[in-house]
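The structure appears right after this line, and notes come after that.
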Amino acid sequence: MTLVDQALKNQGKTRADLARDLNISRQQITRTLNATALINPRSEHWLSILDALGLEVVVQVKK
């Protein structure tokens, strides 16, 4: 389970609920969450998704 899916579960929401909240299609949510990278032509909704779930991306140097 991804962190986004866990956040949805913790908030009692589904991907369809998130899509309604963000006014985008459920299919777009699925395409974005299935993208293999954050920087992807299909992932323009990442910031909205993370913001809606109270999540953020943190970039740090690998150990």
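With the condition being at pLDDT 80 or above and touching a Cys at 6+ places or on another chain (Cβ under 9 Å), I'd like the helices (runs of 4 or more DSSP H) fully within the range 1-55 carrying at least 1 qualifying residues.
none
How many residues, within the range 12-30, are loosely packed, with under 15 Cβ neighbours inside 10 Å and of a type outside the set (Gly, Ala, Ser)?
Residues flagged as loosely packed, with under 15 Cβ neighbours inside 10 Å and of a type outside the set (Gly, Ala, Ser) within the range 12-30 amount to 7.
Please name all residue pairs, on different chains or six or more residues apart, with Cβ atoms under 7 Å, provided the first residue is in the range 1-27 and is over 16 Å from LEU55 (Cβ atoms) and the second residue is basic (Lys, Arg).
The qualifying pairs are ALA16/ARG26; ALA19/ARG26; ARG26/ARG15.
The values are calculated or read from the model by the stated rules, or taken from the named source; none is laboratory data. Model, not experiment: these values are computed from the prediction. Note that each Cβ is placed from the backbone with ideal geometry, even for glycine, and that neighbours are counted across all protein chains shown.
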